[in-house]
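Asks: First, the structure itself, so that you have it in front of you.
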């Protein structure tokens, strides 16, 4: 039987590795002492649950079965100032289900939070990058991942994805929707795709007292005109779940008495539909060209990043929906995941699905991140129900 | 007789003090070795011209007459990367006129470019600040003005402004108007006033993937909406010579994947009419309030700066207009000065006027700053003509 108290107790024990001392906050970046200690503790829990602990070369910690199994899990590393649930929730929920379901394996992926790359452990597991490529990644403090992983207690060799039948990841939403709508469970339809472009407008730097308005080529004004036009044009193309963001802006020379001669900024847009992302990209590029022409800017574009959307597997998703309706009837919804998750990488090699529980106030990547324990237990029960349906 | 060749030769000699070796550029900040050497050279030239050199406690270098005199001049310190003309032009033109007109004195003010304050030498001369207050000003390198001025070769004591009948400053325009319009001379009507306010909008920092558009309180979007509304509303109030600028913008946390939670920015506006500046301030404040309310921002305002406009003296200005029409008929105009000048400070104690010559391409505060030598000589002749009319 699923034991909600044991599940919550395990979650709180995991929180003690790297506890920040501020609320329930945790400081447990990939390969830190706290992270390595937490992974050793997890391997012990896995052994006690009757599974075979296995630490792969990246430091992904698996609990394996002899036969084919459904893989449940997430990651146990955190942001430099992280919450106690984030990836830890999916790992401990997977462990609890594995304690009672003999056809379930469990995993904690490594470096999901991107101390070195982004979702690095699942990138290697899913074959998006090789271990050699991962080893060359470098943290902000200059450490390479290759050096950092020498701190692992042991290396049991790679795990072949084909030993698993699928992957289900439970996670906090990291957004405000479930909390705002009063739902307990989100069954994920897609992990949205994301495209991003870096833009520079170059106009003419001038004295802000002596340069008449009609002779200015003011880069900030050009950015503002672009932003207004882009918002207007995207409205014809987007859905209520599409998002777009100008999150990074650097003016030059950025002085009150100088007409800005240059601005660099990012434009990022996310949607579950790759065709819509393409239509949005055309609008972004056309609007940049047109506004640059109108405002006398020289336009340069750098580094388009294109992460494709990932659709969830229909069978696994149906099992989660059935579980949600059984455990929390009428208090769940389907929704896209706006954030990236390890499931994106695992989808390269296995059918995947995800479920969310609410994030109070939508807060994440912060010591203040939290979820009502009743919602955590509801999520655990939905996961157990779905796993039973898939493996039964 | 005014000697155009001697004037240009003196200008080029002054340029050799702190020559940057890049074009005609000059590096001669206040109290630097090059600045002190240039001021000693200037004192020698003043003596040779038959005036009494006088270095006041600030390092303002005067050429005095025994009786009442019209004061001509500007400043000979430069920006860290300065042009050869900027203030030097007005000093050397004043010296040339003083060589031939016995009722003319000359001055080079100190620290106009603000290594320590802003227009510091004329601020003390005009009584806007005391010498003690000036001495406490500190440069970016930690040097106090009090320490820096100990490098002066001598201290002849303060100069009483009442010994002068007025002040005329010749300067490069530092803007594009004369060059663009093909005029040789600008007779200044007013030195414009300038007001500036620092603003912070605080919204809500969020994940750019998981936060739906309708739940965002995006500080950059609020800034863009404010900018658009402000531009629209100011159009009813401004003249073609009014300017306003958002030159400084800092987003927080300024990351591509995070909805900006906070933005700090400057709003600056300049006009020759103080009433118009007040009407504009009301629009700026009302628009900030309204847009902050609309977009869910917390609004905070810091440090309003208010520099009043300075009208030029009618008699001195009429003399410059007569001189311009005599020397360069039909190729001059009246115009405001968008930049601050020493004349602003001197206006506290004397009637003042200014004339401009063109800046090629409107470039200033740059090694590339330049003016056609024919225009320099035209400016000199207008200045001499006006001085003759005022003192004759």
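Asks: Can you give the average number of partner chain beta-carbon atoms within 10 Å of each beta-carbon in peptide B:251-257, as a whole number?
Replies: Per residue, the average neighbour count from other chains is 6.
Asks: Just the Cα atoms of chain A, one point each, no solvent: what log10 I(q)/I(0) does Debye give at q = 0.07, 0.13, 0.14 Å⁻¹?
Replies: Reported log10 I(q)/I(0), two decimals: -0.37, -1.04, -1.16.
Asks: If you average the sequence gap of Cα pairs under 8 Å that are 6 or more apart and divide by the length of region A:174-321, what percent do you get for the contact order? Each step should come with its number before you reach the end.
Replies: Numbers: 254 pairs, mean separation 60.2, N = 148.
Relative CO of region A:174-321 lands at 41 percent.
Asks: Moving to a separate point now. Give me the one-decimal nm value for the distance between modelled label points at residue A:154 and residue B:232, 7 Å along each residue's Cα-to-Cβ direction.
Replies: 6.9 nm
Asks: Ranked by Cβ crowding within 10 angstrom, fewest neighbours first, how are A:262, B:285 ordered?
Replies: Working: A:262 19, B:285 16.
With the fewest neighbours first, A:262, B:285 line up as B:285, A:262.
Asks: Take the alpha carbon gyration tensor of region A:342-383, find the square roots of its eigenvalues, order them as a ≥ b ≥ c, and report rounded if a/c is under 1.5; if not, report prolate when a/b exceeds b/c, else oblate.
Replies: oblate
Asks: Additional query: With just the Cα atoms defining each centre, how far is region A:349-392 from region B:352-392? Give it in Å.
Replies: Region A:349-392 and region B:352-392 have Cα centres spaced 75 Å from each other.
Asks: Counting only other chains, and only Cβ atoms inside 10 Å, what mean value do you get across the residues of B:110-120?
Replies: 0
Asks: Inverting the mean 1/r over all pairs of different Cα atoms, compute the Kirkwood radius of region A:146-284 and quote it in Å.
Replies: It works out to 19.6 Å.
Asks: Same structure, new question: Normalise the Debye intensity by I(0) for region B:19-138, one equal point scatterer per Cα, no solvent, then take log10 at q = 0.09 Å⁻¹ and round to two decimals.
Replies: Listed by q, the Debye log ratios stand at -0.23.
Asks: Quote the relative contact order of region A:2-54 in percent (integer), defining contacts as alpha-carbon pairs under 8 Å separated by 6+ residues.
Replies: 20 percent
Asks: Could you compute how fast region A:197-251 diffuses translationally, taking Rh as the Kirkwood radius over C-alpha pairs and applying Stokes-Einstein at 25 °C with viscosity 0.890 mPa s? Give it in µm² per second.
Replies: Approximately 182 µm²/s, per Stokes-Einstein.
Asks: Follow-up question, since we're still on this one. Among B:81, A:113, A:173, which comes first, second and so on when ranked by fewest other beta-carbon atoms within 10 Å?
Replies: Ascending number of Cβ neighbours within 10 Å: B:81, A:113, A:173.
Asks: May I ask for the equivalent-ellipsoid semi-axes of the protein assembly as shown, computed as the square root of five times each C-alpha gyration tensor eigenvalue and listed largest first in whole Å?
Replies: Ellipsoid half-lengths, sorted descending, are 71, 26, 21 Å.
Asks: If I take the Cα coordinates of region B:157-229 and project them onto the principal axes, what are the three extents in Å, biggest first?
Replies: 70, 42, 20
Asks: For region A:53-116 and region A:118-178, what is the centre-to-centre distance using only Cα atoms, to the nearest Å?
Replies: 11 Å
Asks: Rounded to the nearest 10 degrees, what's the angle between the helix B:314-327 long axis and the longest principal axis of chain B, both from Cα atoms, 0 to 90?
Replies: With rounding to tens, the tilt is 70 degrees.
Asks: Order by neighbour count: A:270, A:115, fewest other Cβ atoms within 10 Å first, most last. Don't jump to the answer; show the numbers that get you there.
Replies: Working: A:270 29, A:115 25.
Sorted ascending by nearby Cβ count, the order is A:115, A:270.
Asks: What are the nm distances, shortest first, from residue A:81 to its equivalents in the other copies, labels at 7 Å along Cα→Cβ?
Replies: 3.6
Asks: Taking the 0 to 90 degree range and rounding to the nearest ten, how far is the long axis of helix A:33-48 tilted relative to the main principal axis of chain A, both from C-alpha atoms?
Replies: Once rounded, the angle reads 30 degrees.
Asks: I need the calculated FRET efficiency for the pair residue A:214 and residue A:118, taking r as the beta carbon distance and R₀ as 56 Å, to the nearest 0.05.
Replies: That gives a FRET efficiency of 0.75.
Asks: When a/c reaches 1.5 or more, the comparison of a/b and b/c decides; with that in mind, is region B:1-52 rounded, prolate or oblate per its Cα gyration tensor?
Replies: oblate
Asks: Could you tell me what percent of the DSSP beta bridges with both partners in the protein assembly as shown are antiparallel, to the nearest 5?
Replies: On the way: 84 of 126 bridges.
So the antiparallel bridges amount to about 65 percent of the total.
Asks: Helix A:219-234 against the longest principal axis of chain A: what's the angle in degrees, Cα atoms only, rounded to the nearest 10?
Replies: Value to nearest ten degrees: 60.
Asks: Taking 2.2 N^0.38 Å as the expected size of a compact globular protein, what ratio does the Cα radius of gyration of region A:81-152 give against it, to two decimals?
Replies: Normalised Rg, Cα atoms only: 1.28.
Asks: Quick one: with label points 7 Å out along Cα→Cβ, list the inter-copy distances for residue A:21 in nm, shortest first?
Replies: 5.5
Asks: Per the helix-only calculation at 222 nm, which mean residue ellipticity applies to the protein assembly as shown, given -39500 (n - 2.57) for every DSSP H run of n ≥ 4 and division by its residues, nearest 500 deg cm²/dmol?
Replies: It comes out at -11000 deg cm²/dmol, rounded to the nearest 500.
Asks: Just to verify a number: FRET efficiency for residue A:131 and residue A:9, C-beta to C-beta distance, R0 = 51 Å, to 0.05?
Replies: Taking R0 as 51 Å, the efficiency between residue A:131 and residue A:9 is 0.90.
Asks: Along each of its three principal axes, how wide is the spread of alpha-carbon positions in region A:258-392, in whole angstrom units, largest first?
Replies: So the three principal-axis extents are 64, 34, 26 Å.
Asks: Which whole-number value in Å³ per residue fits the convex hull of the alpha carbons of region B:57-105?
Replies: In region B:57-105, the Cα hull volume divided by residue count equals 67 Å³.
Asks: Between copies, how far does the label point of residue B:102 sit from its twins, in nm, shortest first, when each point is 7 Å from Cα along Cα→Cβ?
Replies: Taking the point 7 Å beyond Cα along Cα→Cβ, the inter-copy spacings are 12.2 nm.
Asks: I've got another one for you. What's the average, rounded to a whole number, of partner chain beta-carbon atoms within 10 Å of each residue's beta-carbon in A:218-229?
Replies: 4
Asks: I need to check one value: relative contact order of region A:285-357, counting alpha carbon pairs closer than 8 Å and at least 6 residues apart, in percent.
Replies: The value is 35 percent.
Throughout, read-outs are computed from the coordinates displayed, never taken from laboratory work. Computed from a prediction, not measured in an experiment: that's the story for all the values here. Quick reminder, even Gly has a Cβ in these numbers, built from the backbone with ideal geometry, and neighbours come from all protein chains shown.
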